[in-house]
Structure formats: structure tokens, C-alpha cells
Amino acid sequence: MAIAQSSSVLGRPAGIGELAGMPEVDDVLAALWLNELLPNEVLFPSLARHPEATGPMAAPQRLASMYGAAVRTVTDINTGTDHAWATAFAPHVLISLGFGQILRPHVIELPPLGCFNTHPGDLPRYAGLFCPVRAILAGEENLVCTLHRMDRGIDTGPIVSQAHIPVDRAQSVTWHYEQLYLAGTPLVHELLSSLSAGRPAREQPQARGTRSYGGCLDLNEVTALHARGMRLAQRRDFRHYLGAFIASEPGRTDGLHAELTRCWQAWLSTLAPPARSLLDRVITLEELLLRGRIPAPAPNGSELAVEEVS
């Protein structure tokens, strides 16, 4: 097994930190930090240097040690040394799980058993980006994770299977993303079991006439989400998910705490003052450290899903 971890999808939006103070911008920044930058720039690098302090959720480096997998952070899987690495590995099957890059045909055609994607939207109606937001704004009562074969289009390949979760308006959009991917995990297990047994995936072509493709969010959509009483990111969701990567047993996390503190301070130094103030309101280093010592109940259904993933 090999794991290609996409480098940060959105990067550091130039100048957006200085706009902190607008509710919509603050929400976008919180979602960006807590989804991508905090795990990838602070938490996961620290855990890689202190694997003894790893909790029940597995960062990429822990997956590597558990399964003897090659792990690589890729800037562009379609070109250069990243593409050469994927080609040399010669995968039998490729599964995309929240991967932040568009795969070109020469990558999709690498594995003889196919290339499959877990998409957090009901295809073909919700293709593209930020599908849970568009579905919630459209009044959907349930959200869908679609497992489909990838082809030369974007989110156009035939559907293998789907999983559904109910919309919970007391939770953030990011919470719904987490639940969608957890719900989609058994779909991947079923697919891989079938392929391993020599059974091809059952696929159904998408109904092209109902396709709708969405691009990046604009602030008007974030405003509309807020009017429905929801946010892209909420503090309480991340205290559980981030803390789940850290061991709860006393004595195992002292070195990690020192490492996290160093990485956190280095990260803060790169942010504009308004952004640093906002970050303190979103989550603090003390909260993240404490979650390694205080067990937290998992959201409904996630304990089983996390156990299956591991």
C-alpha cells in the first residue's frame, strides 16, 4: 500500500488574515485552519516525531508504520517526481479519499482495476466543490457520500454505491464532512473486498440530465448558511477530532506537548495580528493538549467507523 497525501488544498490565502472580523471571513478562516493547516502544519508533523503519543485516530505516518505503507506528500500527482513515484509503485487500484488534486487521465489509467473516488455529494446533482453546503442551502434533509469510478471528466464516472447521513443543523458543515467520509468508508471496504475476490464493481452510469457542478464558495453562500443557523466550522467539533489523534494515557504525551508548543508558536508567528486573535477564539493550544488527557465521547456512529478504519 502507498498513501499519497495532498499538500494543502487552499494554501495560505494572501492577505485574508487581515480581513478577520467579518463573520463570513472568520468562518472561512476557521474552517481552513482547522481542516488543513492545523493538522498538516502542527499536529501531524509533531506526531511523526513522537509516535508513542499517538491516539486512536491514525495520522498518515502511523498508517505507514502499521501497514508498511509508503507515505508521500505530493504537490502535483500528475507531473514530475510525484507522478514518477506513483508510476513506479504501479498500483492495482487507486482510491481517492478527500484528495485535493484533480487526477489527469494518465494517472486515472495507471491502475488496471480502476481508479475510484469518494465524493461528498449526491451525484450527479451535486458535483464539484463544497457539495454539503450546496445541499444544505437547497433544503436537503439528507446528505450523500458517493463512491464512483473516475473517468476523464470531473465527478462524471459511473456510480458504485452511496451512503446517506441526516442533516443535523446543530452541527457545522465540517462535522457533516467528517460523517460523510466515515459513512463512505464501508463502501470502500466492500469495493476492495470484491476486487480482491476477482469480482468487478457493479456500476451504474450517471443520469447526465440532472448534473449540477459547483465551484468555490462565495461569501454570499456563507452568509446564507449563517442565516440558517449553521457554520462552516465550530469549536466543539474539532476539540474531539483533533484530540482523538493524541494518546490519553498520562506519561505518553510529555514530549509531544513540548513539540506541539514549538510548532504552534512557529505557526502563530506567520499569521497577521487579527488572524492570531481569531485563532485564539477558535481553538487554543491548551485545549488541544488537554484533549490528549481527557477522553471525550465520540459523536454518534463515529466510534464504530473509527474502529473499522483502523
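The values are calculated or read from the model by the stated rules, or taken from the named source; none is laboratory data. Predicted, not measured: the structure shown is a model, and the values here were computed from it. Backbone-built Cβ (ideal geometry, glycine too); neighbour counts: all protein chains shown. All accessible areas refer to the heavy atoms of the entire protein, side chains included, with ligands and DNA or RNA removed. Shrake-Rupley method; radii C 1.70, N 1.55, O 1.52, S 1.80 Å.
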**Asked** If we sort 253-266, 199-212 on the protection proxy, mean other Cβ atoms within 10 Å, highest first, what's the order?
**Response** 253-266, 199-212
**Message:** If I model segment 193-282 as equal point scatterers sitting on the Cα atoms and use the Debye formula, what is log10 I(q)/I(0) at q = 0.21 Å⁻¹?
**Reply:** -1.17
**Prompt:** Per the 1.4 Å probe, what fraction of the accessible area of the chain, in percent, lies on carbon and sulfur atoms?
**Reply:** 56 percent
**Item:** Relative packing of 244-252, 84-92, which averages over residues the other C-beta atoms within 10 Å, highest first
**Value:** 244-252, 84-92
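Could you do me a favour and compute the accessible area per residue for the chain, 1.4 Å probe, result in Å²? Kindly include the intermediate steps, with their values, before the conclusion.
Numbers: 14980 Å² over 310 residues.
Per-residue accessible area for the chain comes out at 48 Å².
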**Message:** Among 32-39, 158-165, how do they line up by average Cβ neighbours within 10 Å per residue, starting with the highest?
**Reply:** 32-39, 158-165
**Asked** What is the set of long-range amide H partners of Ile95 at a cut-off below 5 Å, with H atoms built 1.01 Å from backbone N?
**Response** Phe116
**Item:** Residue-by-residue Karplus 3J(HN,Hα) for segment 203-213, coefficients 6.51, -1.76, 1.60, Hz, glycine and proline x
**Value:** 10, 10, x, 6, 7, 4, x, 9, 6, 9, 10
**Message:** Per residue of segment 225-235, what does 6.51 cos²θ - 1.76 cosθ + 1.60 with θ = phi - 60° give for ³J(HN,Hα)? Whole Hz please, x for Gly and Pro, Karplus curve as stated.
**Reply:** 5, 4, 5, 8, x, 10, 10, 5, 9, 10, 4
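Over the chain, calculate the relative contact order: mean separation of alpha carbon pairs under 8 Å at least 6 apart, over the residue count, as a percent.
This gives 23 percent for the chain.
Using the Kirkwood radius over Cα pairs, work out the Stokes-Einstein diffusion coefficient for segment 33-149 at 10 °C and 1.306 mPa s, in µm²/s as a whole number.
Result for D is 96 µm²/s.
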**Request:** Tell me what the chain gives for mean residue ellipticity at 222 nm when only DSSP H runs of n ≥ 4 count, each as -39,500 (n - 2.57), the sum divided by the residue total, rounded to 500 deg cm²/dmol.
**Result:** -12000 deg cm²/dmol
